[in-house]
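Undergrad: Pasting in a structure now, in structure tokens, and then I'll have a few things to ask.
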Amino acid sequence: MANGPAPFSEIGKRARDLLYKDYNFNHKFTLSVPSSSGLGLTATGFKKDQYFVGDINSLYKNGNVTVDVKVDTYSNVSTKVTLNDVFHRKKVALSFNIPDHKSGKLDVQYLHPHAAIDSSIGLNPAPQLELSAAIGSKDVSMGAEVGFNTTSASFSKYNAGITFNKPDFSATLMLADKGEALKASYIHYVDRPDGLTVAAELVHRLSSSENRFTIGTSQSIDPKTVLKTRFSDDGKAAFQCQRAWRPNSLITLSAEYDSTKIFGSPAKFGLALALKP
């Protein structure tokens, strides 16, 4: 909903995206081929160390129906069928993997002007149950999520959070990792021509009283190039340069330096190329 809260999974997403999204310290290649008929194909290749893996993904859209099929290097087939607005303000998705016959899952999302609810149930004799909900508005919302494993009769996850959003900043406080961690994040959009944005995340482990701090920035070097930096208190510094060298096509260079690493190279580099004709 335009004025309603985002789903619980979106809480804190702005800061997370700036700090972690698209950082890749390996080699990755993506080719996307859209089609006017509603069928799109995406091929992805990923090289890590001496191994190369990849997948081919086909996405078909027709009205309210979306069919997403992915085949990876190991001949695993993942399928997801989504029905948008199948009922008023509801979205239903059915997903399963082949040959894993226990991987079936049914997801239902309901969006209301003052609430967003997501539920998931595994389609097998001992299903995994998940439920998340957020209430409020697009400016202030709070929510929680819980996962229950019926096989072990135990909770697989439970998290809660609250977020406050404005056009120039967003602040989030999360109780995560089954109540073991308290996470606070903040992102601020500076009123400058280069679109400078600053984000920070503080993680406090309640059981060990351990603290982790990460800060990052993003700004435009020119209309086609974005530079991101990230620094953390564990001695790691990273940067990312992403350039749109042609419409809808991106080349991304990432690098990280670990000042605490004694053996081996303290630096890591990665290159990602995304082509979309």
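Undergrad: Can you classify region 11-275 as rounded, prolate or oblate using the Cα gyration tensor, where a ≥ b ≥ c are the square roots of its eigenvalues, rounded means a/c under 1.5, and otherwise it's prolate if a/b beats b/c and oblate if not? All intermediate terms of the calculation are to be shown ahead of the outcome.
TA: On the way: a/c = 1.40, a/b = 1.14, b/c = 1.22.
Taking the square roots of the gyration eigenvalues as a ≥ b ≥ c, region 11-275 is rounded.
Undergrad: Would you kindly derive the ³J(HN,Hα) couplings of region 150-163 from the backbone phi angles with the Karplus curve 6.51 cos²θ - 1.76 cosθ + 1.60 (θ = phi - 60°), listing them in order in whole Hz, with x for Gly and Pro?
TA: 6, 5, 9, 6, 9, 7, 7, 6, 7, 9, 8, x, 9, 9
Undergrad: Which cross-chain or sequence-distant (5 or more) residues have an amide H under 5 Å from the amide H of V140, H modelled 1.01 Å from N in plane?
TA: Answer set, sorted by chain and number: N165.
Undergrad: Okay, moving on. In deg cm²/dmol, rounded to 500, what helix-only [θ] at 222 nm does the chain give when every DSSP H run of at least 4 residues adds -39500 (n - 2.57) and the total is split over its residues? Write out the running numbers ahead of the final one.
TA: On the way: 1 runs with 8 residues, N = 277.
For the chain, the value works out to -1000 deg cm²/dmol.
Undergrad: Separate question: Given contacts defined as C-alpha pairs under 8 Å and at least six residues apart, what's the relative contact order of region 121-247, whole-number percent?
TA: It rounds to 12 percent for region 121-247.
Undergrad: Suppose every Lys and Arg Cβ carries +1 and every Asp and Glu Cβ carries -1, with no other charges. What dipole size does region 97-141 come out with about its Cα centre, to the nearest 20 debye? Each step should come with its number before you reach the end.
TA: Details: 3 positive and 5 negative charges, 13 e Å.
It comes to approximately 60 debye.
Undergrad: Evaluate the distance, in nm, between pseudo-label points positioned 7 Å from the Cα of N248 and of Q50 along their respective Cα→Cβ axes.
TA: Modelled inter-label distance: 3.9 nm.
Undergrad: Per 0.36 nm of contour for each residue apart, how much would the distance between K61 and A153 grow if the chain were fully extended, relative to their Cα-Cα spacing?
TA: 29.3 nm
Undergrad: From the phi angles alone, apply the Karplus equation (6.51, -1.76, 1.60; θ = phi - 60°) to region 237-249 and give each ³J(HN,Hα) in whole Hz, x where the residue is Gly or Pro.
TA: Residue by residue, region 237-249 yields 10, 9, 9, 9, 10, 10, 10, 8, 7, 7, x, 6, 10 Hz.
Undergrad: Of the listed pairs K21/K102; K61/K90; K70/K183, which have alpha-carbon separations greater than 25 Å here?
TA: Among K21/K102; K61/K90; K70/K183, the Cα-Cα distance tops 25 Å for K21/K102; K70/K183.
Undergrad: Shifting gears a bit: Mind checking the full-extension length gain between K224 and H114? Use 0.36 nm per residue of separation minus the Cα-Cα distance, one decimal, nm.
TA: Stretched out fully, the K224 to H114 stretch lengthens by 35.8 nm.
Undergrad: Tell me, what HN-Hα J-couplings in whole Hz come from the Karplus equation 6.51 cos²θ - 1.76 cosθ + 1.60 at θ = phi - 60° for each residue of region 174-191, using x for Gly and Pro?
TA: 10, 9, 10, 6, 6, x, 8, 9, 10, 10, 10, 9, 8, 9, 10, 9, 7, 7
Undergrad: Report, ordered by chain and residue number, the aspartates and glutamates lying within cross-link reach of K48, taken as a straight Cα distance under 17 Å and ignoring same-chain residues fewer than 8 apart.
TA: List returned: D22, D72, E256.
Undergrad: So, one more: What full-extension length gain, to one decimal in nm, is calculated for S103 and T79 as 0.36 nm per residue of separation minus the Cα-Cα distance?
TA: On the way: separation 24, 0.36 × 24 = 8.64 nm, distance 1.04 nm.
7.6 nm is the gain from fully extending S103 to T79.
Undergrad: Around S156, which amide H atoms from residues at least 5 apart in sequence, or from another chain, sit under 5 Å from its own amide H, with H modelled in the peptide plane?
TA: Answer set, sorted by chain and number: G147, F148, N149.
Undergrad: So which of K13/K105; K28/K166; K28/K261 end up more than 27 Å apart, counting from Cα to Cα?
TA: K28/K166
Undergrad: Now for a separate question. Please state the relative contact order of the chain as a whole percent: Cα pairs under 8 Å, 6+ residues apart?
TA: 15 percent
Values quoted throughout were computed directly from the atomic coordinates according to the rules given, and no laboratory measurement underlies them. Please read these numbers as outputs of a predicted model, since none were measured by experiment. Note that each Cβ is placed from the backbone with ideal geometry, even for glycine, and that neighbours are counted across all protein chains shown.
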